[in-house]
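Undergrad: This is the structure I want to talk about, given as structure tokens.
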Amino acid sequence: MKQLLSTSLTIVVLGWAVLAYSQDVERGIDLYHAKKYAEAEQVLAQAVQANNEDARAHEHLGLARLSLGKVDEAYAELSRAEDLAPDSDSVKVGLARVLIEKKDFDKAEAALKKARELNADNADVPLYLGALKVARRNYSEAIQDLNDAISRKPDSAYAHYYAGLAYNGMKRPDKMVESFQTFLKLAPDAPEAERVRSLLRSVR
């Protein structure tokens with residue numbers, strides 16, 4: 001009887017531990033989406049320390065660190081997420097974002113193409129293909145991808161942001177202004193907002 005009671009108590013304790021861990025991961029992901037990157041990093045770092053096999057925790061910890069400018073640490077987390085979830089299109093998009101920051105454009109392109117193979121409906125794929133082509137200064141090709149991203153998700157602030165950069169590179173101030181104004185409407189407090197306002201002032 002005592003052994004049965006002890007076993008039952010152990011199961012209950014383990015159940016609560018799993019539930020608490022799951023809640024921590026979800027809270028960290030919610031903090032990331034709320035753009036509270038430092039808080040998200042803290043919560044998710046504790047989560048991966050508790051369970052190093054959780055791909056979603058590694059993925060969002062990597063994205064939080066990327067948003068904080070910690071590119072090498074972000075790469076390590078997203079690489080771990082890819083090891084754990086090799087068929088995740090969102091992980092490959094996240095990894096591509098880091099690779100673009102690291103200027104490893106060929107690997108970024110390969111990751112995005114693989115993400116598209118895994119999920120043709122992922123609107124982030126044309127978004128970051130466009131961002132990649134902006135980084136490569138292939139502005140006209142970038143616009144094709146970014147227009148695709150916008151048609152799939154009109155409220156994607158960064159699709160409009162990268163479109164503005166592409167139109168700026170193409171010497172199309174009318175379209176640049178239109179894209180940047182939409183970006184500022186959607187994301188007025190984004191880290192890039194001040195740079196965008198400066199570019200808009202330069203064409204007035």
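Undergrad: Given the criteria in the same structural domain as Leu68 (by TED's automatic domain parsing) and not in a helix (DSSP H, G or I), does Lys103 qualify?
TA: yes
Undergrad: When you go through (1) without any contact (Cβ under 8 Å) to a residue 12 or more places away in the chain; (2) part of a helix (DSSP H, G or I) one by one for Arg80, which number turns out not to apply?
TA: Of the numbered conditions (1) without any contact (Cβ under 8 Å) to a residue 12 or more places away in the chain; (2) part of a helix (DSSP H, G or I), the odd one out for Arg80 is (1).
Undergrad: Step by step: first the residues of the range 46-68, then only those that are more than 17 Å from the chain's Cα centre (by Cα) and in a helix (DSSP H, G or I), then the one that is surrounded by the fewest Cβ atoms within 10 Å (Cβ to Cβ). Which residue is that?
TA: Gln49
Undergrad: Additional query: Return yes or no: is Val91 in the same structural domain as Leu31 (by TED's automatic domain parsing), touching a His at 6+ places or on another chain (Cβ under 9 Å), closer than 19 Å to Ala131 by Cα and among the β-branched types (Val, Ile, Thr)?
TA: yes
Undergrad: Also, I was wondering about something else. Return the pairs, sorted by first residue and then second, in which the second residue is outside any helix (DSSP H, G or I) and surrounded by fewer than 24 Cβ atoms within 10 Å (Cβ to Cβ), the first residue lies in the range 92-103 and is without any contact (Cβ under 8 Å) to a residue 40 or more places away in the chain, the beta carbons are less than 7 Å apart, and the residues are 6+ apart or on different chains.
TA: Close Cβ pairs (under 7 Å, with a partner that is outside any helix (DSSP H, G or I) and surrounded by fewer than 24 Cβ atoms within 10 Å (Cβ to Cβ)) amount to Val93/Asn122.
The values are calculated or read from the model by the stated rules, or taken from the named source; none is laboratory data. This one's a predicted model, so the numbers in the text were calculated from it and none came from an experiment. Methodologically, a virtual Cβ is constructed for each residue, glycine included, from the backbone with ideal geometry; neighbour enumeration extends over all protein chains shown.
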